[in-house]
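Please read the structure below before turning to the comments.
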Amino acid sequence: MKVSRLVSIIMILLDKERIGAQELANMFEVSTRTIYRDIDAINMAGIPIRSTSGVGGGFEIMKNYKIDRNVFSTTDISTILTGLSSLSNMIQSDELVNALAKVKSFIPVDRVDEIKLKTDQIHIDLSQWIGYRNVQPYLEIIKIALQENKLLSFEYADRHGNKTEREAEAHQIVLKGNHWYFQGYCYKRNDFRLFKLARISNLKLEKIFFTPRDYQKPILDFTDSLATIQIKIKLRIHKSVMDRALDYCMYEHFSPDGDEYYIVTFPFIENEYYYNILLSFGDKCECLEPLHIRTELKRKIYDIANLYEN
């Protein structure tokens with residue numbers, strides 16, 4: 001049971017006079033059974049929710065009720081504040097500011113310092129250290145497209161740099177790893193696509209409205225498929241690039257090789273992306289085995305050297 005969803009339901013009930021179970025289920029993309037469990041949990045927390053049946057029925061907070069600030073624990077509030085604050089670094093909007101203000105209003109005076117301490121213990125910064133492209137303006141445009149069901153037009157570059165003109169219906173904003181995407185229905189491909197914001201240019205909000213269609217969630221977990229195509233290779237790396245290598249494998253995969261080097265069991269997929277990872281380590285990394293990957297790296301290094309010879 002997600003605390004953030006419970007808080008969101010409470011906020012909605014405070015804002016609306018009445019709302020149905022199916023409407024809540026659609027908002028949070030869960031079953032009505034889950035919504036009924038959430039309502040029971042809110043009731044048990046001391047917030048009286050009344051249910052009415054029939055046409056125009058639904059859930060509502062009993063009139064004249066004011067939320068007891070002690071309903072939420074210190075951990076509950078600090079967790080919500082941490083999540084909202086991390087998003088505020090990337091997405092600036094009145095809604096987010098209002099949400100932060102509302103959650104902070106639940107903090108009793110005698111627990112302000114305690115909750116501030118817990119919130120400050122975790123800091124989430126979604127921006128990169130260097131070379132960061134500010135995608136916030138695009139996030140704001142996509143957010144408006146989501147809210148108003150307006151079409152987006154843009155140029156999109158594939159992984160080879162080829163650009164195409166696109167029009168798409170926005171259905172969801174996605175943060176995967178440290179990259180932002182939006183899932184939309186692409187008119188050029190006549191299908192749902194996951195668009196990486198870093199590859200988008202000339203993004204425009206059109207005046208054309210669209211009717212939301214049945215939404216297909218993007219596949220974001222490739223753990224099972226990776227297990228079938230990923231192999232282990234053996235590298236010898238200098239300690240100066242150890243921190244970068246740790247982005248791709250665990251410390252347990254390292255064994256010392258003298259004072260300056262490590263032997264690393266490295267997860268690898270035979271494609272350009274992974275070869276480029278190894279090449280990015282420069283002369284601080286040597287592939288020891290298997291032989292065919294070592295040979296392919298030698299060929300690529302020769303091509304690079306030959307490029308500079310000419």
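The values are calculated or read from the model by the stated rules, or taken from the named source; none is laboratory data. Here the structure is a predicted model, which means the values were calculated and not measured. Note that each Cβ is placed from the backbone with ideal geometry, even for glycine, and that neighbours are counted across all protein chains shown. Ligands, DNA and RNA are excluded from the accessible area calculation, which covers all protein heavy atoms including side chains. Shrake-Rupley method; radii C 1.70, N 1.55, O 1.52, S 1.80 Å.
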Output for Cβ contacts, cut-off 6 Å, separation at least six or different chains, first residue in contact (Cβ under 8 Å) with a residue 24 or more places away in the chain and within 14 Å of Leu24 (Cβ to Cβ) in segment 38-63, second among the hydroxyl-bearing types (Ser, Thr, Tyr) and open to solvent by 60 Å² or more (accessible area, probe 1.4 Å), reads Phe59/Ser51
Pro256 being free of Cβ contacts under 8 Å to residues at least 60 places away in the same chain, surrounded by 10 or more Cβ atoms within 10 Å (Cβ to Cβ) and touching a strand residue (DSSP E or B) at 6+ places or on another chain (Cβ under 9 Å) = yes
Scanning segment 249-304 residue by residue, those touching a Lys or Arg at 6+ places or on another chain (Cβ under 7 Å) and in a helix (DSSP H, G or I) turn out to be Tyr275, Leu279
Just one listed residue, out of Glu286, Glu272, Glu260, Glu296, is over 27 Å from the mean Cα position of the chain (by Cα) and within 23 Å of Ala227 (Cα to Cα), and it is Glu296
* Does Ile233 satisfy the criteria of being open to solvent by less than 50 Å² (accessible area, probe 1.4 Å) and in a strand (DSSP E or B)? -> yes
Restricted to segment 175-188 and to residues being modelled with pLDDT of 85 or more and under 17 Å from Lys217 (Cβ atoms), the residue surrounded by the fewest Cβ atoms within 10 Å (Cβ to Cβ) is Cys186
Within segment 191-208, residues open to solvent by less than 60 Å² (accessible area, probe 1.4 Å), more than 17 Å from Lys150 (Cα to Cα), of a type in the set (A, V, I, L, M) and part of a strand (DSSP E or B) come out as Ile200
When every residue in segment 145-167 that is at pLDDT 95 or above and among the hydrophobic types (A, V, I, L, M, F, W, C) is compared, the one nearest to Asp247 (Cα to Cα) is Phe154
(1) out of contact with any Leu (no Cβ under 7 Å at 6 or more places or on another chain); (2) part of a strand (DSSP E or B) all hold for Lys188 apart from (2)
